[in-house]
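All remarks here apply to the structure that follows.
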Amino acid sequence: MALFDGLKGKLADAGQNVSQQTRNMSELARLNNLIAETKRKLSAQCFELGKQYYQAHQADEAPEFPEAVSAIRGLLDEIKESEEAVLLLKGIKKCPTCGTEVPIQSVFCPGCGTQIGTPPRCCPACGKEAKEGSLFCVYCGTKID
Ligand SMILES: [Zn+2]
Ligand SMILES: [Zn+2]
């Protein structure tokens, strides 16, 4: 039966097309994922390259990409300032020598011994701490220099 055979052939074709389309769709998705993933890797590599260039040339008098270098320096400074403000809000400061985080009122760094603050004024008579700007000790009345 020619008609039936013809129809069977068409159905088979249609079936093949559908599975071919499905294959194409999954291949398309695979390729799109691959492109996105490769772009992520590329961007990470560019970031790494830029970081290494900056670290190697940040102190150059005339770096090859002066605008990028100074833009990066500006951003790093902004981060540093904000980080210091965050620490200040937490009542912490960082030792400039070793980077240890210490309470804001610390006079010496517990990590390296660097003096990182001014010692509090003390009453010469009783030794108790005198507030900044006070003329007499609040505990014993002694005049404070
Ligand atoms: Zn230190
Ligand atoms: Zn005193």
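The values are calculated or read from the model by the stated rules, or taken from the named source; none is laboratory data. These figures come from a predicted structure and were not determined experimentally. In this analysis, Cβ positions are derived from the backbone assuming ideal geometry, glycine residues included, and neighbour counts consider all displayed protein chains.
Some values worked out for this structure:
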{"item": "Count of the range 109-130 residues which are within 12 Å of ligand 2 (Cβ to nearest atom), in a loop (DSSP other than H, G, I, E, B) and closer than 23 Å to Cys95 by Cα", "result": "0"}
{"item": "Long-range neighbours under 7 Å by Cβ, at least six apart or interchain, first residue of a type in the set (Gly, Ala, Ser) within the range 104-131, second in a strand (DSSP E or B) and away from ligand 1 (no atom under 16 Å from the Cβ)", "result": "Ala130/Arg121; Ala130/Cys122"}
{"item": "Qualifying residue in the range 137-144 (condition: modelled with pLDDT under 90 and assigned to a loop (DSSP other than H, G, I, E, B))", "result": "yes"}
{"item": "Unmet criterion (only one of (1) within 16 Å of ligand 2 (Cβ to nearest atom); (2) aromatic (Phe, Trp, Tyr); (3) touching a helix residue (DSSP H, G or I) at 6+ places or on another chain (Cβ under 8 Å)) for Phe65", "result": "(1)"}
{"item": "Condition met for Gly133 (within 16 Å of ligand 2 (Cβ to nearest atom) and either at pLDDT 90 or above or out of contact with any strand residue (DSSP E or B) (no Cβ under 6 Å at 6 or more places or on another chain) (or both))", "result": "yes"}
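Yes/no matrix, rows are residues, columns are (1) among the aromatic types (Phe, Trp, Tyr); (2) within 16 Å of the chain's Cα centre (by Cα); (3) exposed (fewer than 11 other Cβ atoms within 10 Å of the Cβ):
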residue	(1), (2), (3)
Leu42	no, no, yes
Cys46	no, no, yes
Ala56	no, no, yes
Ala62	no, no, yes
Val69	no, no, no
Arg73	no, yes, no
Ala85	no, yes, yes
